[in-house]
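Accompanying notes for the structure given below.
The values are calculated or read from the model by the stated rules, or taken from the named source; none is laboratory data. Predicted, not measured: the structure shown is a model, and the values here were computed from it. Every residue, glycine among them, receives a Cβ derived from its backbone with ideal geometry; neighbour counts consider all protein chains shown. For accessibility, only protein heavy atoms count, side chains too; no ligands or nucleic acids. Shrake-Rupley method; radii C 1.70, N 1.55, O 1.52, S 1.80 Å.
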Amino acid sequence: VSTRQESQGTIEREFKIRGTGRLLEFAFYLPTKVYFGECVSEKLGEEAGNLGQSALIVSDENIIRKIINRKKIEDSLNKAGVKTLLWDGVITNPPLSVAEKGARFARREKCDLIIGLGGGSVIDAAKGIAVMCTNPPPLSLYLGRDRIRKPPLPLIAIPTTAGTGSEVNPYAVFTNTQKNPPQKEIMADPLLFPRIALVDPQLTLSLPSSVTADAGIDALCHAIESYTSKKSRPFSEMLALEAIHILAHYLAKAVKDPGNIKIRSYCSYASLLAGMAIAQTGTTLVHGMGYKLSAHLGITHGRANGILLPWVSEFNLQADPPRYTHLAKTLGEEIEGLGYQERAMRAVNGIRRILGEVGQPDRLKGKSIKSDTIEEFAREIMQNKRRLSNNPRLVTFKDVVGIYQKALGNANETQGGSRCVAS
Ligand SMILES: [Fe+2]
């Protein structure tokens, strides 16, 4: 992604921690054993046999019908002597109650191993079920950071989309329906790392274009947010930049040629790398703002983040133009002959180009949100000091409102309780 000379420049700059003058220091923790490749999902029995005797496969009914090698996966469990039960009750953006229900079933059946087979919602729900099998209810007790008391049941994650990264990170997102309106809330704990991740690109072959694009844009957000995070370090950067480079080249191709296993493999690999990167750095303002949009409007996680990514990047790049210039190059943008700010701005062009290529909007279309609601979102976002501290640029309440207004396509209709109407 860069020439020798450029990468030497990066090394010189990055071995100091940004903004502190101190020399590099970092921790890297990723306790998940990862298998990657076509048909690795058929290794499930082998690995499951080492972790338990009675497994609950957590999924949703649409996914389970489409898994092309489901029989081989189940056969591998039978061969290993692992008793298997299926619970396909997960829904998109799972409420806490879904994981609690799955856990009641798992406890009744005396399961000692959880297998999450699906997209981000399924793997997150599987994490919640694993937690609830060993910790007292309700699951809402463990929302937030480092609140889980006892180690959850071991979890094997088998992603069927290329985007979530949940198979290699310590996060799970739930919809908290006890709040009015319902909120998306995160559970973050090192105990949420799956024990095993089986990343099999073959499982993504049957995904429709819209899901491929949604998930792929989520992975792109993970990678860009990680690379631009204040917590970015050379090791996580390497993962994030490689993911960005691959997605810039292959995501649109995966949308257009969904049956191509080589292209699918690139996207699954990029998603895995991006998941590993955010496991180290967390996400930034894009995800913080995206959760609100997705919960309020019922749009997918990837689409909500995609809408915000260009606007947040445009805002953030002023804090670190060289980094955004490198991002622009990694996205495949031509920057020769451009000025200092213009080169960094090319990163936003690159993001918009990819969104366009995969048919995703760069602003919200056909929906409206009341100005009061946007201000309420901004107030809540300002309370998440940890996520804001990851963001490369200092953010104010007014900044968040302004970014939402731009993403809604109308910055002017915010006075006197009027609505921000999407263009
Ligand atoms: Fe995400």
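Which one is nearest to the ligand (Cβ to nearest atom) among residues in the stretch 291-311 that are of a type in the set (A, V, I, L, M, F, W, C) and open to solvent by less than 10 Å² (accessible area, probe 1.4 Å)? In this case the residue turns out to be Ala304. Scan the stretch 295-325 for residues that are assigned to a helix (DSSP H, G or I) and more than 15 Å from the chain's Cα centre (by Cα) and the total you get is 18.
Please verify whether Phe15 is among the aromatic types (Phe, Trp, Tyr) and at pLDDT below 70, treating the condition exactly as stated. Answer is yes for this residue.
Scanning the stretch 360-394 for residues that are in a loop (DSSP other than H, G, I, E, B), open to solvent by less than 20 Å² (accessible area, probe 1.4 Å) and under 15 Å from Lys292 (Cβ atoms) yields a count of 1. Among the residues of the stretch 174-227, write down those that are more than 16 Å from the ligand (Cβ to nearest atom), closer than 15 Å to Ile263 by Cβ and small (Gly, Ala, Ser). The answer is Ser206, Ser209. Close contacts from the stretch 219-234, counting a first residue that is charged (D, E, K, R) and a second that is open to solvent by 10 Å² or more (accessible area, probe 1.4 Å) and within 10 Å of the ligand (Cβ to nearest atom), with Cβ to Cβ under 8 Å and a gap of 6+ residues or different chains, come to Glu225/Thr283.
With the structure loaded, tell me whether Pro194 is within 14 Å of the chain's Cα centre (by Cα) and open to solvent by less than 10 Å² (accessible area, probe 1.4 Å) or whether it fails that test. For Pro194, the condition - within 14 Å of the chain's Cα centre (by Cα) and open to solvent by less than 10 Å² (accessible area, probe 1.4 Å) - is not met.
Restricting attention to the stretch 228-258, the residues that are within 14 Å of the ligand (Cβ to nearest atom) and over 12 Å from Gly165 (Cβ atoms) total 2. Mind listing just one residue for me: the one in the stretch 279-290 that is more than 12 Å from Ala378 (Cα to Cα) and part of a helix (DSSP H, G or I) and, of those, most open to solvent (accessible area, probe 1.4 Å)? Filtering the stretch 279-290 for residues that are more than 12 Å from Ala378 (Cα to Cα) and part of a helix (DSSP H, G or I), the one most open to solvent (accessible area, probe 1.4 Å) comes out as Gln280. Would you confirm whether or not the stretch 100-109 contains a residue that is among the small types (Gly, Ala, Ser), open to solvent by 10 Å² or more (accessible area, probe 1.4 Å) and either within 23 Å of Val199 (Cβ to Cβ) or in contact with a Gly (Cβ under 9 Å, 6 or more places away or on another chain) (or both)? For the stretch 100-109, residues among the small types (Gly, Ala, Ser), open to solvent by 10 Å² or more (accessible area, probe 1.4 Å) and either within 23 Å of Val199 (Cβ to Cβ) or in contact with a Gly (Cβ under 9 Å, 6 or more places away or on another chain) (or both): absent. Listed by first and then second residue, the pairs with beta-carbon distance under 9 Å, at least 6 apart or on different chains, first residue in the stretch 85-106 and closer than 22 Å to Gln183 by Cα, second among the basic types (Lys, Arg) and open to solvent by less than 10 Å² (accessible area, probe 1.4 Å), are Ala99/Lys127.
Reported count of residues in the stretch 106-141, each being within 16 Å of the ligand (Cβ to nearest atom) and of a type outside the set (Gly, Ala, Ser), is 4.
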